[in-house]
Amino acid sequence: MSASSPQRLLIEGGRVLLPSGVVSEPVLLSDGVITAIGGAALDADDATVIDAKGGTVLPGFQDSHVHPIHAGLDMLSCDLTPYTTADAYLDRIGAYAAEHPELDWISGGGWSMDAFPGGLPTATALDAVTSGRPAYFPNRDGHGAWVNSRALELAGIDDGTPDPSDGRIERDADGHAIGTLQEGAMAPVARLIPMPTQDDLEQALLLAQDRLFSWGITAWQDAIVGGTNDVPETLDAYLNTAAAGTLKATVVGALWWDRSRGLEQIDELVAKRERAAALGASTFRATSIKIMQDGVAENFTAGMLEPYLDGCGCPSHNSGKSFVDPVLLHEVATQLDALGFQLHFHALGDRAVREALDAIETARHANGDSDLRHTLAHIQVVHPDDVLRFGPLGVVANMQPLWARHEPQMDELTVPFLGQPRASWQYPFGSLARAGAPLASGSDWPVSTANPLEIIHTAVNRNHHGATGDAALPFLGEQALSLADAVVAHSLGTAYLNHDEARSGTIEIGKAADIAILDRDIFENPASEVGGATVSCTIVRGEVVFTAS
């Protein structure tokens, strides 16, 4: 990475995406804004020239739902995200344990459920590589954890421990706890691990910011700003880096709604928003509230209108979770809406989607439309009746397109347990767009990569770049987006979500000089090759923050 702060930058030789289309014109950036496009830009004799070499010049990508601090903490600990198999995870954990004899706990995260039979790793396997020290490893989506026998012992979890109301202790056929904990069952172990320090949190944020810059991302909405079971309060990490000028991206923080509490926490959330506003930083606002309404489909905690199927294809007795009581949710939404907070729901199953939409509708009836742009993230399974509600309610469809493709987690751990027609209701981005829903695109990193080009590739092709065989087949291809719509959702769409569209999200004179330059013209090459493109340069407020080596 290289960084510089010239007064004026002239981008030449690129194919520039403007609101009107793609043009071959120079772009002049002065004092952090776009000051000229076309021939007038060439009058800047004193500008530093950046040769785009025929690549696409885009407004900086913006991620609508991401967890940079959590991703940075993974990178600072035993990071399993680069690996894909159970053996590779165990090798890395064993090596990390050997490298760090001083640690009381062996911890990290980033394993994928599809690496294990049924998505369930065991304490026995982890015992073999952790030498008697307790171990705790959340999976990539953060909705489950892999722990060893010592961790179970320290947390007081044994075969007789009942499941919590918001989680599940996975057990074998004889009722023995196997070492996988789902949702709220993670908490007794998570509370025991050493918490990151404030310095750790700020280091993690800046490390993640550098990674995001390398992917061309110049702004985002952080979907959890607050304290969770294994990470302390993260608001100060943003406030401190914003005050120091080291937070260079533009960020909206979604303050965490503690589902174990009720309306009494609203005053605390208002105080946090006021602390951020008092800082007066142009790079950070805390104006959204994150409410996790359900879990995920792979561990059967996503809230469904009808029960999951069992392994034989018959209806089970489990329809997933509603982490916030749906009746209370209406009051929560109404009060937060009245206070001017944007609501950012984790709503993955069709019941959770409906519960969130119903709560927003109640708030609209009570308070009117304040253009708060409430949003539902993940929207994996959406009942067709509810697809039509997003547009009239002004709810932003907060997509994570990378998940809409054939892979073992989808084909083996999800589709068989949803059944038809429900499995065909997954990730209905095309239907939402046609119904007039505003679209914003994000990653949920570190659950999956935040690379916008891989994400956009899947939104357009509904498969993984470079996939072969059955994996190359489009997953519900009728829900694909056009390349232009996918790019806009990952730039202007998130700017709109963040109430920042007047400042950023498009390349126009007077807007922020937030730019991503690609190594090729993605609009001239086949859409099937979008995922192979890379970022060659990222500019934030007129400062070069990343150049490809």
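Structure notes:
- Criterion violated by Glu501 - all others in (1) within 24 Å of Ile37 (Cα to Cα); (2) touching a residue at least 12 places away in the same chain (Cβ under 8 Å) satisfied: (2)
- Within the stretch 225-242, considering residues that are in contact with a Gly (Cβ under 9 Å, 6 or more places away or on another chain) and hydrophobic (A, V, I, L, M, F, W, C), the one nearest to Gly108 (Cα to Cα): Val225
- Selected residue [buried (at least 22 other Cβ atoms within 10 Å of the Cβ) and either at pLDDT 95 or above or farther than 24 Å from Ala450 by Cβ (or both)] from Trp111, Trp105, Trp146: Trp146
- Some residue of the stretch 247-254 being over 19 Å from His346 (Cα atoms), polar (S, T, N, Q) and surrounded by fewer than 23 Cβ atoms within 10 Å (Cβ to Cβ): no
- Unique match (being more than 23 Å from Gly320 (Cβ to Cβ), in contact with a Leu (Cβ under 7 Å, 6 or more places away or on another chain) and either of a type in the set (Asp, Glu) or not in a helix (DSSP H, G or I) (or both)) among Gly160, Gly108, Gly132: Gly108
- The residues listed here are Pro428, Pro446; of these, the one that is of a type outside the set (A, V, I, L, M, F, W, C), crowded, with 24+ Cβ neighbours inside 10 Å and at pLDDT below 95 is Pro446.
- With respect to (1) within 22 Å of the chain's Cα centre (by Cα); (2) modelled with pLDDT of 95 or more; (3) over 23 Å from Asp358 (Cβ atoms); (4) surrounded by fewer than 19 Cβ atoms within 10 Å (Cβ to Cβ), the lone exception for Asp258 is condition (3).
- A count restricted to the stretch 361-383 and to residues that are assigned to a helix (DSSP H, G or I) and either hydroxyl-bearing (Ser, Thr, Tyr) or closer than 25 Å to Met304 by Cα (or both) stands at 4.
- Residue that is closer than 17 Å to Val545 by Cα, touching a residue at least 24 places away in the same chain (Cβ under 8 Å) and not assigned by TED's automatic domain parsing to the domain that holds Thr130, where the choices are Gly54, Gly32: Gly32
- In the set Trp425, Trp403, only one residue is closer than 18 Å to Gly466 by Cβ and touching a strand residue (DSSP E or B) at 6+ places or on another chain (Cβ under 9 Å); that residue is Trp403.
- Number of residues in the stretch 384-408 that are surrounded by fewer than 19 Cβ atoms within 10 Å (Cβ to Cβ) and in a helix (DSSP H, G or I) equals 6.
The values are calculated or read from the model by the stated rules, or taken from the named source; none is laboratory data. Every value quoted in this text rests on a predicted model; they were computed, and no experiment measured them. Every residue, glycine among them, receives a Cβ derived from its backbone with ideal geometry; neighbour counts consider all protein chains shown.
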